[in-house]
Amino acid sequence: MLIGIVGKPSSGKSTFLNAACLTSSKVGDYPFTTIEPVPGTGYVRIPCVCKELGVEDNPQNSICIEGTRLVPIQLLDVAGLVPDAWEGRGLGNKLLDDLRRADVLIHVVDFSGSLDADGNNIERGSYDPEKDIVFLEREVVKWLEQLLHKDWTRISRTSEAEKIPIDKLLAEKLAGLQIKQSHIKKALTKSGLNIAIPSKWSKEEILQFLTILRSIAKPMIFAANKIDIEGSEDNFNRLKDQYDKDLIPCSALAEYFLRKFAEKEIISYTPGDPDFTITKPDKLSEKDNATLEKLRIDILQKHGSTGVQSLINRAVFDIMDVIAIYPVEDQQKYTDHSGNVLPDVYLVPRGTTAREFAGLIHQDLAKSFINAILVKTQRRIGDNYELEDGDIIKINAAEGLK
Ligand SMILES: Nc1nc2c(ncn2[C@@H]2O[C@H](COP(=O)(O)OP(=O)(O)OP(=O)(O)O)[C@@H](O)[C@H]2O)c(=O)[nH]1
Ligand SMILES: [Mg+2]
């Protein structure tokens, strides 16, 4: 699973990545600081089952801080998008191509209104951030339209002449973009188009279908970034009802500060926490101390967090509808074969069955699957059981085939 970080130049994408992943993607006060996409590993945050079970764990594929599990997730910081990028403006559609692998997008928007549509500095408050939300969606849709355009006549005619469902042909065409046939089917139903005659669809109808497809296959949530700058909150308050839970106040810069101080163990802070404690006050300069205290009051106390962790969690759990599963080998001690307690957490789509889950651990395990135990209740389950969030599972497989 991959989260793409998108937005116009200088909106704060690299700062967001660096805060979330402690990477060192170059940050600059000028457009197109980032050119090549920069990957990073961030974390989703969940309450760990170790608390519920009252055990001390030894995580292997994730981190547990006092009962909070941090599970790795891949992020990708791409170059800034400007209006008409799909036609080659700015860095053009190469960066749209960088988004092919993304399952969900976090759109980092400068909510202080201090940048024009191309990311150039202008007077604070003189640009409406909602314009970015509108133009960036259009860019992604136009990119899809362009990708489809050159093959559309052939695809639509083949579908009609050879009676091959249009969703099947479209899925083949869009396979490299993480767009699945189920996404296409859903979008076609929603758009109400007559699937028997795709060659008769107008340009507007195709665009409308692609707009729906984009919202399903590349869902997007919005970081109301730079919320620490004066004026940002007014913009946020104006737009929050309209975008509801998909718009989250954010200060990527504040999160970056907190992570850096936490890394040096000067403060104690778990990403997403509503507060921090200073553990080594003697290591803090007066200036840094003042910055941290300001941040505590203006951001953490006012908004509950810096927003970075909330955005990642919302993208993964609410938008992608993923659940967390803990596999173990010993159902009494909750350990793996080396004795690590609650070693791993897997993030899997809701609806994943016990056998499918076995296959994610190891292909052979799906083949040799006999049954599984839900460790919390010691209940035996069959291959078709749909796992639930927080399940701890022990898989029983045929000997010799494991
Ligand atoms: N005040 C404030 N400044 C921020 C925040 N996030 C980023 N910035 C600043 O905004 C400027 C641009 O940040 P970048 O992270 O380089 O922006 P970008 O979106 O990656 O830009 P490009 O790579 O050019 O597309 C830098 O000066 C950052 O310090 C924030 O939350 N608050
Ligand atoms: Mg950048």
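Extension gain, LYS26-LYS302: 0.36 nm per intervening residue step, less the Cα-Cα distance, totals 96.4 nm. If you wrap the stretch 148-214 in the convex hull of its Cα atoms and look at it from every side, the mean projected area works out to 3.9 nm². Placing a label point 7 Å from the Cα of ASP330 along the Cα-to-Cβ direction, the residues of the stretch 373-387 whose backbone N falls under 20 Å of that point are 373-379.
Ranked by the mean number of other Cβ atoms within 10 Å of their residues, highest first, the peptides 383-394, 305-316 come out as 305-316, 383-394.
Spin-label model, LYS190/ARG89: points 7 Å from Cα along the beta carbon direction are separated by 2.6 nm. Taking only the C-alpha atoms of the stretch 106-162, the Rg (one decimal) and the largest Cα-Cα distance, Dmax (whole number), read 18.2, 58 Å. Peptide packing: for 71-80, 152-161, the average count of neighbouring Cβ atoms within 10 Å per residue gives the ranking 71-80, 152-161, highest mean first.
Within the stretch 71-112, which residues have the backbone N less than 19 Å from the label spot 7 Å out from GLN242 along Cα→beta-carbon, could you tell me? In the stretch 71-112, the label zone of GLN242 (backbone N under 19 Å from the point 7 Å along Cα→Cβ) covers 83, 107-112. May I ask for the net charge around ILE65, where only other residues with Cβ less than 14 Å from the Cβ of ILE65 are counted and Lys, Arg are +1 while Asp, Glu are -1? Within the 14 Å Cβ shell, the charges total -2. What net charge do the residues around ASN235 carry, taking every other residue with its C-beta under 12 Å from that of ASN235, with Lys and Arg at +1 and Asp and Glu at -1? After counting each charged neighbour, the total is -2.
Between SER126 and GLU36, take the C-beta separation as r, use R0 = 25 Å, and let me know the FRET efficiency to the nearest 0.05.
With R0 = 25 Å, the Cβ-Cβ based efficiency is 0.20.
Treating each Cα of the stretch 188-337 as an identical point scatterer and summing with the Debye formula, the log10 of I(q)/I(0) at q = 0.12 Å⁻¹ comes to -0.73. Summing charges over all other residues whose Cβ lies under 14 Å from the Cβ of GLU293, with Lys and Arg as +1 and Asp and Glu as -1, gives -1.
Full extension of the chain between GLU56 and ILE370 gives 110.1 nm of extra length, using 0.36 nm per residue less the Cα-Cα distance. On the beta carbon distance between ASP318 and ALA290, with R0 = 30 Å, the FRET formula returns roughly 0.25.
Label point of THR279 set 7 angstrom out along Cα-Cβ; within the stretch 234-261, amide nitrogens under 14 Å from it belong to 259-261. Size of the stretch 279-402 from its Cα atoms: along the principal axes, largest to smallest, the extents are 64, 33, 26 Å.
Calculated FRET efficiency, ARG154 to SER182, Cβ-Cβ distance, R0 = 25 Å: about 0.60 to the nearest 0.05. Counted over all Cα-Cα pairs of the chain, pairs farther apart than 32 Å make up 44 percent.
Values quoted throughout were computed directly from the atomic coordinates according to the rules given, and no laboratory measurement underlies them. Given the structure is predicted, the values throughout are model-derived calculations rather than measurements. Ideal geometry is used to build each Cβ from the backbone, glycine not excepted, and the neighbour counts take in all protein chains shown.
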